[in-house]
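Novice: After the structure tokens below, expect a handful of questions from me.
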Amino acid sequence: MDKTLFSMGGMVVLSEAMAQNCLYQIRVDKMNRSWNSTHIMYYGVTGTHPSNLKIQEHMYQTDFIIVKRLGDSTASLEEGNVIGLIIDSSNDLHLYLNGEDLGVTEKSVPRPCYAAFDLNRRVVKVTALPV
């Protein structure tokens, strides 16, 4: 079942550890066009169980082990886009956008890890899609 999540600059963190070769995705349902920012959102993984995370204003200020930026030259983000993360059999992290593998963004990711998305203030509403 899809889960609709609302945000004004919040984070979405998976509640279970990422399994190899399983695609974890969120869909951008609504964006705040009036918010002017240099980036759209961050994505990454943490080795800390979500119930033990000390969430700060941004994921790069907390217990995350890998943080990457989505937006700018990486990819253009629009309402309806689906962003996904997968850990392959070599423990490499791949970024997906609308079903297309944009490639390895980090090699040898420590396990267990939990996928996370820092929504910034431009992304107002997302839906977590089934794995």
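The values are calculated or read from the model by the stated rules, or taken from the named source; none is laboratory data. From a predicted model like this one, the values you see are computed outputs, not experimental measurements. Note: ideal-geometry Cβ built from the backbone for every residue, glycine included; neighbour counts use all protein chains shown. In case anyone asks, the SASA skips ligands and DNA or RNA and just uses the protein heavy atoms, side chains included. Shrake-Rupley method; radii C 1.70, N 1.55, O 1.52, S 1.80 Å.
Novice: Within region 75-131, track down each residue that is closer than 19 Å to residue 50 by Cβ and either of a type in the set (Phe, Trp, Tyr) or in a loop (DSSP other than H, G, I, E, B) (or both).
Specialist: Result: 109, 110, 111, 112, 113, 114, 117, 119, 129, 130, 131.
Novice: Considering only residues that are at pLDDT 75 or above, more than 14 Å from the chain's Cα centre (by Cα) and charged (D, E, K, R), which ones fall in region 17-53?
Specialist: Residues satisfying the conditions are 29, 30.
Novice: Something else about it: Where residues in region 79-116 are among the acidic types (Asp, Glu) and more than 18 Å from residue 11 (Cα to Cα), which of them is most open to solvent (accessible area, probe 1.4 Å)?
Specialist: 100
Novice: Filter region 77-122 down to the residues that are under 22 Å from residue 34 (Cα atoms), within 12 Å of the chain's Cα centre (by Cα) and either hydroxyl-bearing (Ser, Thr, Tyr) or modelled with pLDDT under 90 (or both) and list them by number.
Specialist: Those that are under 22 Å from residue 34 (Cα atoms), within 12 Å of the chain's Cα centre (by Cα) and either hydroxyl-bearing (Ser, Thr, Tyr) or modelled with pLDDT under 90 (or both): 117, 118, 119, 120.
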